[in-house]
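Asks: Handing you this structure, nothing more for now.
The values are calculated or read from the model by the stated rules, or taken from the named source; none is laboratory data. Source: prediction; values computed, not measured. Counting neighbours? That spans all protein chains shown, and the Cβs are built from the backbone with ideal geometry, glycine included. Remember, those area values only see protein heavy atoms, side chains included, never the ligands or the DNA or RNA. Shrake-Rupley method; radii C 1.70, N 1.55, O 1.52, S 1.80 Å.
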Amino acid sequence: MIFGKYIKGLYKKYLIFFIIGILATIAVDWVQLYLPEYLGNVVNIVSTLEPGKAIPQDVMNQMLIYLGLIIAIGFALFAGRVIWRFSLFYASKRMEADIRKMMFEKAEQLSVTYYHSNKVGNIMSWFTTDLETIEEFLGWGAIMVADAIFMTIFAAIKMFNCDWMLSLIAIVPILLIAVWGALVEKVMSIKWKERQESFDKVYDYAQESFSGIRVIKAFVKETNEISSFAKIVRKNKDVNYNFAKIEVFFDVIINVIINLTIGLSLGFGGWFIFQAYNGQPIILFGHEVNITIGRLMEFISYFDLLVWPMIASGQIITMRSRAKTSLKRITRFMDTEEDIKSPTDAVKLKDVQGEITFKNFSFKYKNEQDNILRNVNLTIKPGEVVGIVGKIGSGKTTLATALLRLYNFKEGTLFVDGVDLMKADLSSLRHNIAYAPQDNFLFSDEIANNIAFFDDESNSENVIEAANFADIHNNIMSFPSEYKTVSGERGVTLSGGQKQRVSLARAFYKRSPIMIMDDTVSAVDVKTEENILRNINEKRKGKTTIVIASRVSTVRHFDRIIVLKDGEVEAFDNHENLMKISPSYQRMVYLQQLEAEVEARTTAKETEGGIE
């Protein structure tokens with residue numbers, strides 16, 4: 001079997017199924033041993049009959065008894081195999097499901113930094129092919145191990161009872177198979193690792209291509225993508241081909257050894273019988289070999305039973321090397337340190353009012369040399385509606401999402417209601433913050449379920465209220481299936497503005513004391529934006545709301561506005577005061593006014609041209 005810290009506990013959990021399955025396997029192996037004996041006895045009886053004469057009644061009765069016993073053995077074998085299949089396969093499937101659950105829970109705990117440095121294709125491979133490899137060994141491997149051990153012992157005992165000399169000739173190859181397996185296992189493990197890593201690249205490229213299919217089509221790059229994918233697949237084919245060559249070569253050697261052994265057993269057995277019939281029995285090492293045709297048939301039948309354990313031994317070696325490699329890959333994933341987690345003495349946030357304080361807050365991403373944010377000092381009062389503006393890359397999103405603690409930062413620099421977020425309980429912190437992300441990610445589900453994602457038991461009235469807040473209700477009602485409309489993967493069936501507003505409705509549905517809107521009105525028209533901003537003032541009254549925006553018009557009527565420049569807070573005040581103290585804000589207002597005037601003149605000229 002294979003062992004590891006994430007799997008050993010599962011053996012205990014499903015021990016009863018393994019015990020029942022292995023006992024059933026042993027019982028099947030033991031019952032099988034009677035078939036060669038009964039068949040050998042039948043052959044011996046038949047060999048004593050004289051040709052052309054009627055079969056005596058007592059002989060016929062004896063043969064019928066053996067026939068009945070053989071049929072009974074068949075039923076017993078059927079029952080035993082049903083039991084071990086159900087027990088062992090059930091246990092292996094449940095263990096696979098439990099490991100997958102542990103992996104999924106681990107994946108949820110890992111920070112976004114981990115997913116920046118590890119591709120989705122690799123992770124998909126761990127959750128699919130690696131887990132399936134482990135499950136295969138846990139099920140079939142347990143059966144093969146039990147068969148290889150007990151069938152070998154049982155059959156060897158019966159063979160030695162028939163004739164120990166022939167048995168020695170037949171047993172030697174088993175030792176050769178064991179030695180051969182030990183030599184091959186290391187190579188098989190290395191080759192399987194190469195094979196899985198090759199599959200990782202295929203998974204990753206396919207996932208990225210499917211996700212970016214609209215870009216590929218828009219730029220007419222289908223042929224290039226197919227060509228690039230073909231190169232990766234060809235490399236994967238070569239790796240799999242090399243693995244298959246070693247696997248087949250290993251199996252061929254085992255089959256050659258087995259067939260040579262059968263040939264030797266038949267050859268020596270036939271020679272022993274021939275010499276015995278000629279009155280010249282063979283004597284080896286002081287032992288007179290005295291074997292009948294029935295005994296030889298019985299011996300060959302026992303050896304035939306021994307063939308499967310020998311084949312299984314080879315397959316066990318191959319399967320175990322694959323499973324060990326896959327388990328190592330999964331263990332490496334499970335051993336990944338969770339860098340974002342609640343401290344042991346975490347403070348749970350209760351009755352959050354929404355006060356947010358930054359004290360000399362600085363932040364940089366992992367593997368980056370320069371800080372994205374530097375020496376941020378400000379306090380957002382409970383219930384304030386605050387805007388954040390600045391150039392692209394100035395740190396707007398980083399400043400707001402720091403509240404979610406998706407990354408680590410220095411203790412004593414960021415507080416909610418006076419609680420240091422580095423000492424806060426993550427679950428309670430994120431429970432009190434609603435977030436409408438910039439990428440507006442939607443699940444491939446009904447729009448109603450996307451909006452009520454926070455709630456396990458959604459309320460239709462609350463869903464409609466959230467949709468009205470985001471000014472998306474009328475759009476949804478125009479769809480044939482209304483709120484039951486499936487948004488498609490990542491919301492592909494909705495427009496950019498519709499996705500933004502569904503994402504915003506999802507955040508509002510949570511009704512958290514703090515809400516972050518990351519550029520969630522950039523793709524909507526002016527009237528829709530005005531409706532949403534009015535709803536913020538009315539329906540979020542008394543609750544802290546942070547709005548990241550690219551247009552000054554979005555935030556100019558907010559309580560206060562944070563102006564970021566190159567990662568530093570240039571100013572934090574209302575619109576009127578910022579027009580006096582913030583050069584960056586003044587420039588943004590001027591440029592956007594100029595842009596609006598140019599757009600108005602262009603529209604006017606087009607209108608005049610149309611009239612003429």
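Asks: Quick check: anything in the range 576-594 acidic (Asp, Glu), in a strand (DSSP E or B), surrounded by fewer than 19 Cβ atoms within 10 Å (Cβ to Cβ) and at pLDDT 85 or above?
Replies: no
Asks: Turning to a different aspect of this structure: Run residue 415 past the list (1) under 30 Å from the mean Cα position of the chain (by Cα); (2) buried (at least 16 other Cβ atoms within 10 Å of the Cβ) and report the number of the one that doesn't hold.
Replies: (1)
Asks: Shifting gears a bit: Given the criterion among the charged types (D, E, K, R), closer than 30 Å to residue 317 by Cα, modelled with pLDDT of 75 or more and part of a helix (DSSP H, G or I), identify the matching residue among 186, 231, 191.
Replies: 191
Asks: Looking at the range 421-455 only, could you name the residues that are of a type outside the set (A, V, I, L, M) and free of Cβ contacts under 8 Å to residues at least 40 places away in the same chain?
Replies: 430, 439, 449
Asks: Working only within the range 330-345, note down all residues that are over 30 Å from residue 129 (Cα atoms) and surrounded by 16 or more Cβ atoms within 10 Å (Cβ to Cβ).
Replies: Applying the first criterion (over 30 Å from residue 129 (Cα atoms)) to the range 330-345 yields 342-345.
Once the filter is applied, which keeps residues that are over 30 Å from residue 129 (Cα atoms) and surrounded by 16 or more Cβ atoms within 10 Å (Cβ to Cβ), the range 330-345 yields only 342.
Asks: How do the helices (runs of 4 or more DSSP H) wholly within the range 453-545 filter down when requiring 2 or more residues that are surrounded by 17 or more Cβ atoms within 10 Å (Cβ to Cβ) and under 32 Å from the mean Cα position of the chain (by Cα): which remain?
Replies: Correct list: 496-509.
Asks: Could you please find all residues in the range 558-572 being in contact with a helix residue (DSSP H, G or I) (Cβ under 7 Å, 6 or more places away or on another chain) and open to solvent by 40 Å² or more (accessible area, probe 1.4 Å)? Full working, then the answer.
Replies: The initial filter retains those residues of the range 558-572 that are in contact with a helix residue (DSSP H, G or I) (Cβ under 7 Å, 6 or more places away or on another chain), namely 561, 563-565, 570-571.
Within the range 558-572, 565, 570 meet the criteria.
Asks: Something else: Can you tell me which condition residue 79 does not meet? The list is (1) of a type outside the set (S, T, N, Q); (2) under 29 Å from residue 209 (Cβ atoms); (3) without any contact (Cβ under 8 Å) to a residue 12 or more places away in the chain, and all the others hold.
Replies: It is condition (2) that residue 79 fails.
Asks: Can you pull out the helices (runs of 4 or more DSSP H) entirely within the range 6-58 that have at least 1 residues that are modelled with pLDDT under 75?
Replies: Per the criteria, 34-48.
Asks: Tell me which of these residue 362 doesn't satisfy, since it passes every other one: (1) open to solvent by 30 Å² or more (accessible area, probe 1.4 Å); (2) of a type in the set (Gly, Ala, Ser); (3) part of a loop (DSSP other than H, G, I, E, B).
Replies: Residue 362 satisfies all of (1) open to solvent by 30 Å² or more (accessible area, probe 1.4 Å); (2) of a type in the set (Gly, Ala, Ser); (3) part of a loop (DSSP other than H, G, I, E, B) except (3).
Asks: Further question: How many residues are at pLDDT 80 or above and either over 23 Å from residue 529 (Cα atoms) or exposed (fewer than 14 other Cβ atoms within 10 Å of the Cβ) (or both) if we restrict to the range 442-452?
Replies: So the count comes out to 2.
Asks: Failed condition for residue 209, given (1) farther than 23 Å from residue 123 by Cβ; (2) touching a helix residue (DSSP H, G or I) at 6+ places or on another chain (Cβ under 6 Å), with all others met?
Replies: Failing condition for residue 209: (1).
Asks: Has the range 148-161 got any residue that is at pLDDT 70 or above, more than 15 Å from residue 33 (Cβ to Cβ) and surrounded by 18 or more Cβ atoms within 10 Å (Cβ to Cβ)? Step through it out loud before you land on a result.
Replies: Taking the range 148-161 first, the residues at pLDDT 70 or above are 148-161.
Those left that are additionally more than 15 Å from residue 33 (Cβ to Cβ): 148.
Narrowing further to those that are surrounded by 18 or more Cβ atoms within 10 Å (Cβ to Cβ): 148.
For the range 148-161, residues at pLDDT 70 or above, more than 15 Å from residue 33 (Cβ to Cβ) and surrounded by 18 or more Cβ atoms within 10 Å (Cβ to Cβ): present.
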